[in-house]
Amino acid sequence: EQPMIADPERTREIMAQYHLRPKKSLGQNFLTNQNVLADIVEAADLTKDDTVIEIGPGIGALTEYLARAAGHVVAYELDDRLLPVLADTLAPYPNVTVIHQDILQADPAALAALAPADHGLKVVANLPYYVTTPILMHFLESGLPIERMVMMMQKEVADRITAGPGGKDYGSLSVAVQIRTAAKVAFTVSHTAFNPPPKVDSAVVVFDFLETPNVPAGDQAFFNQVVRASFAQRRKQIMNNLLNWYGRTPAKRVILTDVLSKAGVAPTDRAETVSIPEFITISRELSEKK
Ligand code: SAM
């Protein structure tokens, strides 16, 4: 019986055997703490009916845990040096498929085809931190039938994602995530859980997709513009930011004043105090005036 891939000693042996120097530029920090891996899998609430998409399997630490709990694991790895390693470490798990591809280039139709007929997909990852937001937005906007995502990321980003209005962490990323999912920090993870240890603190976030997004799919592009414009200069009043984007004319100021008042937002408020329902009202009212 081999120890698990994540066993610190076995991880060191695998890295030595393949002369593997982790690439910082690819966010390579491999998990070597089995309690953390067990907690990630538990947060994903996996059954043998589930198909899981994993982003960045590395040498297979998390993949092995996923393979034991899920029906099928499809893991996208960008670094070609890791393919022979994964072929070796994951050989005991015929229910794992490794695909050599940048997850941001993965064909949505190919991903959708992975979903079991009777229920959704799950996405589980210890993310490459340099590309957290693009990967997150890729999946949020994919339209894939995803039930739940469990993602390890830099704690600071986790705090921004899950923040409510009123603080410095709340911004367009919080809004983009929370119009589509209920997102919670499940637990934080010490840098000692990784080889090599990252320089930042980490947290695992669980995202449950809402059955109906808070903003209808067809309105999301305009909604995103309104939110981004509102936060363009965080320290400025929302009216000022909106005028910069919408047009600084007397007629447009009248429209914006009316729209903000319908949303119950003062022109002098800052975007960081505006709630998601208030942004939804602003966006809907403004789109009707176009
Ligand atoms: N899952 C492994 C673990 O937990 O030990 C490794 C996680 S490591 C933080 C991130 C992994 O993502 C690395 O293996 C890296 O090569 C891979 N990666 C980086 N950018 C990627 C991308 N755009 N698409 C797919 N994989 C990527």
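Laboratory data are not the source of any read-out in this text; all were calculated from the coordinates shown. These figures come from a predicted structure and were not determined experimentally. We place every Cβ from the backbone using ideal geometry, glycine too, and count neighbours over all the protein chains shown.
Data for the structure
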item	result
Relative contact order (%) - criterion: Cα under 8 Å, at least six apart; region: the stretch 104-203	24 percent
Radius 10 Å from Cβ of residue 234, net charge of other residues (Lys, Arg +1; Asp, Glu -1)	+3
Prolate/oblate/rounded label for the stretch 41-192 (Cα gyration tensor, a/c 1.5)	prolate
Listed residues 108, 227, 213: farthest to the positive end of the dipole of the stretch 100-248 (Cβ charges)	227
Long-range tail of P(r) for the chain (Cα pairs > 29 Å, %)	40 percent
Residue (of 61, 25, 76) at the positive-pole extreme of the chain, dipole from beta-carbon charges	25
Exposure proxy ranking, count of Cβ atoms within 10 Å, fewest first, for 272, 141	141, 272
Global geometry of the stretch 170-268, whether rounded, prolate or oblate, following the gyration tensor of its Cα atoms and the 1.5 cut on a/c	prolate
The chain, dipole about Cα centre (Lys/Arg Cβ +1, Asp/Glu Cβ -1), debye to the nearest 20	1620 debye
Helix-only [θ]222 nm of the chain, DSSP H runs n ≥ 4, -39500 (n - 2.57) each, per residue, nearest 500	-11500 deg cm²/dmol
Net charge over other residues, Cβ less than 10 angstrom from the Cβ of residue 169 (K, R count +1; D, E count -1)	-1
Mean separation of Cα contacts under 8 Å, 6 or more apart, over the residue count of the stretch 1-60: relative contact order %	40 percent
Pairs of lysines in the chain (C-alpha under 24 Å apart; 8 or more residues apart or interchain)	21
Percent of beta bridges antiparallel (DSSP, the chain, rounded to nearest 5)	50 percent
Directionally averaged shadow of the stretch 11-111, computed from the convex hull of its alpha-carbon atoms, nm²	6.6 nm²
Candidates 66, 127, 256: whichever shows maximal mean-square fluctuation once the chain is modelled as a Gaussian network with Cα springs under 10 Å	256
Average Cα contact separation per residue, the chain, under 8 Å, 6 or more apart, as relative contact order %	15 percent
